[in-house]
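The structure under discussion appears below in the form of structure tokens.
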Amino acid sequence: MSTTRTLGGRISRFVRWVVRTPWPVFTLSMLQADIIGSLFVFGFLRFGLPEEDRINLQDLPHTNLIIFALTLLCLFCIGFTVSTSLLMPVFRWQRREARLTGPDPDTYPEATELARSRALRMPFYRSLISIGYWTVGGVVFVVISWPVAKDVMPVVVTATALGAAATAIIGYLQSERVLRPVAVAALRGGAPENLRAPGVILRQLLTWLLSTGVPLVAIVVSVLAGKASLLNASPDKLFTPILLMALAALIIGLSGTVLVSMSIADPLRQLRWALGEVQRGNYNAHMQIYDASELGLLQAGFNDMVRDLAERQRLRDLFGRYVGEDVARRALERGTELGGQERDVAVLFVDLVGSTQLAATRPPSEVVNLLNEFFRVVVEAVGRHGGFVNKFQGDAALAIFGAPIEHPDASSAALAAARELHDGLLPVLGSEEFGIGVSTGRAIAGHIGARARFEYTVIGDPVNEAARLTELAKLEDGHVLASAVTVSGAVDAEALCWEVGEIVELRGRAVSTQLARPLKLAVAEPVPAATDGAAAD
């Protein structure tokens with residue numbers, strides 16, 4: 001009893017799962033295609049021939065009709081059984097993917113590959129199955145209709161063949177559209193090997209056969225049968241049947257054209273939407289791959305292209321964060337070569353005081369947060385004045401004005417950035433924890449290093465002078481020093497904000513430097529009295 005209940009529960013769960021999938025609609029589309037093909041055959045034999053030659057199935061013996069009806073039922077059941085057998089790997093694969101806590105489909109790679117291949121080939125298999133049981137059913141139909149149609153048997157055979165062709169084509173086109181969600185899931189990991197799906201040309205050809213070929217062949221058969229005296233009616237009585245078949249061709253042609261047009265237009269419409277998203281900078285736009293045809297390859301190629309663009313954008317963003325946006329843009333536009341060129345640049349150097357003691361007395365996370373806040377202020381201040389932060393050296397930063405992008409007034413920009421940087425760092429660091437030095441002159445700017453590893457930097461006397469000025473500025477009350485040469489090269493509005501002072505000899509330099517100090521700087525807020533623990537730090 002418990003086994004029966006368990007089996008019943010499994011069947012019930014399976015049925016509920018199947019109802020939520022496209023497979024019930026797929027089964028109905030099979031039945032619909034068979035009905036359309038049958039209506040074509042019986043309609044042609046009933047209305048596509050002159051009245052004297054029309055075949056009335058009601059004239060057949062009842063035994064023959066019962067045999068034919070049972071044959072049709074058996075053939076449909078056999079076709080359904082064969083289709084279900086082919087789809088069992090697909091069902092198991094889909095159910096594994098549907099279970100959130102179930103096993104990973106990658107655990108069964110061979111079964112998954114077979115299921116994906118079966119799912120994508122199912123429209124083709126469905127057409128082969130239709131042709132198979134239509135062939136058997138056509139033979140049975142010819143045999144049972146012999147008593148009333150032996151004189152026009154070639155017409156009956158031709159009509160049955162055309163009905164089989166129409167059923168197979170309609171079934172293929174319908175199945176391909178109905179099973180699109182299954183195809184999307186099957187192609188999520190790429191197309192299986194050795195899979196070739198019908199392309200746009202073959203789809204158009206199938207549509208032409210359905211909408212034009214089959215009706216025209218039926219019309220030609222009627223005309224030839226009349227000319228060959230296979231029909232009892234005179235040829236002039238073929239006008240009405242031919243007109244009916246021509247109208248049927250118009251209706252079928254319209255339906256077939258709409259069906260195949262939608263199968264082509266849907267992915268193209270989705271591609272247009274995805275292109276618009278990419279143009280707006282959304283690199284997460286992704287196309288569902290409908291099949292393995294040219295359209296599916298186009299969709300897959302677009303997805304690969306977007307992934308590459310997203311990766312390139314990510315690398316470009318990371319590259320820009322490491323070397324600076326201007327350097328990254330120039331490198332991407334012009335390439336990179338070792339070496340450099342002489343440029344007139346202004347250099348700003350900023351350094352913290354007592355960073356070694358800071359690292360020894362504070363938690364690492366606190367030191368990192370402080371340095372990040374320090375560098376944030378530096379980057380923002382330098383960027384606002386058109387400069388480029390070239391290096392972060394521990395607790396120091398080197399900023400360049402005039403390279404790699406030329407600056408119309410590098411000296412003024414560097415001096416203004418130094419004053420703004422002082423005011424911005426006071427709330428972060430306090431009054432005695434940093435020094436800023438500014439220098440200007442000729443330097444070599446370019447890529448320095450080896451071919452396998454290099455960086456963009458500036459080398460020359462201005463860099464050395466700025467570093468030495470920074471060391472001296474740490475001992476100054478204002479913590480900002482510049483060379484008088486830099487101030488003399490600035491515009492009047494900026495030069496008036498600085499006061500030229502004494503001449504000094506900086507360490508490591510053979511030439512003396514005249515100092516310049518900003519006239520007005522912000523004053524640090526008084527620091528609250530520290531506790532014993534803080535004082536110890």
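Please treat every number below as a calculation from the coordinates, not as lab data. Keep in mind that this is a model prediction, so the values were computed, not measured. Ideal geometry is used to build each Cβ from the backbone, glycine not excepted, and the neighbour counts take in all protein chains shown.
Summing charges over neighbours of Gly460, with a neighbour being any other residue whose Cβ is under 10 Å away from its Cβ, gives -1 when K and R count +1 and D and E count -1.
With the simple spin-label model, which puts each label point 7 Å out from Cα in the Cβ direction, the Ser512 to Glu476 separation comes to 1.8 nm. Compared with the alpha-carbon gap, the fully stretched path from Val258 to Val157 is longer by 33.4 nm at 0.36 nm per residue.
Electrostatic bookkeeping for Glu277 treats Lys and Arg as +1 and Asp and Glu as -1; over the other residues with beta carbon under 15 Å from its beta carbon, the sum is +4.
Based on the mean of other beta carbon atoms within 10 Å per residue, what is the order of 341-352, 409-420, 508-519, 271-282, most packed first? Let's see the in-between values first.
Values: 341-352: 23.5, 409-420: 25.0, 508-519: 15.1, 271-282: 12.3.
The densest-packed peptide leads the list: 409-420, 341-352, 508-519, 271-282.
Each listed q (0.10, 0.11 Å⁻¹) maps to a log10 I(q)/I(0) for the stretch 337-521, found by the Debye formula over equal Cα scatterers with no solvent: -0.37, -0.45. Legend: calculated FRET efficiency, Glu499 to Gln279, from the Cβ-Cβ distance at R0 = 30 Å, rounded to 0.05, equals 0.05. FRET efficiency for the Ile459 to Asp492 pair, using the beta carbon distance and R₀ = 22 Å, is estimated at 0.10.
All other residues with a Cβ under 15 Å from the Cβ of Ala490 taken together, and with Lys, Arg as +1 and Asp, Glu as -1, what is their net charge? Local charge sum for Ala490: -4.
For Leu65 and Leu86 in the same chain, what is the full-extension length gain: residue separation times 0.36 nm, less their Cα-Cα distance, in nm?
Details: separation 21, 0.36 × 21 = 7.56 nm, distance 3.16 nm.
Length gained between Leu65 and Leu86: 4.4 nm.
Spin-label model, Gln204/Arg95: points 7 Å from Cα along the beta carbon direction are separated by 4.4 nm.
Among DSSP bridges having both ends in the stretch 337-521, what percentage is antiparallel? Round to the nearest 5. Intermediate values should be presented prior to the final figure.
Values: 39 of 43 bridges.
Antiparallel: roughly 90 percent of the beta bridges in the stretch 337-521.
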